[in-house]
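Step one of this worksheet: look at the structure below.
The values are calculated or read from the model by the stated rules, or taken from the named source; none is laboratory data. All values derive from a computational prediction rather than experimental measurement. Cβ placement follows ideal geometry from the backbone for every residue including glycine, while neighbour counts extend to all protein chains displayed.
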Amino acid sequence: MSSFYEEIGGEDTFVRLVDRFYEGVAEDPLLRPMYPEQELTGAKDRLRMFLVQYWGGPKDYGATRGHPRLRIRHAPFPVSPAARDAWLRHMRDAVDSLELSPLHEQTLWDYLERAAHSLVNTVDGGQAPMAGQAVPDHLE
């Protein structure tokens, strides 16, 4: 029995997804400030490893970063409805660029959409719950 990861093309597919997504983020005036790194390489690696592991690929994310704890990792950032919508816009473009089968596309998109909605932690223009606080070292 193959995993979703294998069915959609493995690592290469997730590299393409994440690269395309971050092309949009790099130019987005709402999202780009949430990434303090000059280059987005670290963010790309983390998202790729997370998605690969989630969908049945190698468990590099867990081995290097531990449990995902998505909500606490995103708590320092103001994830407002507008930020969520911008994130989803760039991710929609990235998912569409993969040209997956309709079933695989819908499976992936359903997860990404639910995840994005679950991370909203403020209203538009509001502060994040942990604004100005760093993510605890053990969660980095």
Does region 24-40 contain any residue that is without any contact (Cβ under 8 Å) to a residue 60 or more places away in the chain, assigned to a helix (DSSP H, G or I) and under 25 Å from residue 106 (Cβ atoms)? no
Residue under question is residue 71, and the condition is that it be out of contact with any Lys or Arg (no Cβ under 6 Å at 6 or more places or on another chain), among the charged types (D, E, K, R), at pLDDT 95 or above and not in a loop (DSSP other than H, G, I, E, B); does it hold? no
Residue under question is residue 52, and the condition is that it be over 28 Å from residue 124 (Cα atoms) and either at pLDDT 95 or above or of a type in the set (Val, Ile, Thr) (or both); does it hold? yes
Among the residues of region 125-134, are any of a type outside the set (Ser, Thr, Tyr) and at pLDDT 75 or above? no
Would you call residue 30 within 16 Å of the chain's Cα centre (by Cα), aliphatic (A, V, I, L, M), surrounded by fewer than 18 Cβ atoms within 10 Å (Cβ to Cβ) and closer than 22 Å to residue 87 by Cα? yes
Can you tell me how many residues in region 2-23 are outside any helix (DSSP H, G or I) and at negative phi? 3
The condition from (1) modelled with pLDDT of 75 or more; (2) surrounded by 13 or more Cβ atoms within 10 Å (Cβ to Cβ); (3) among the hydrophobic types (A, V, I, L, M, F, W, C); (4) in a helix (DSSP H, G or I) that residue 103 misses is numbered (2)
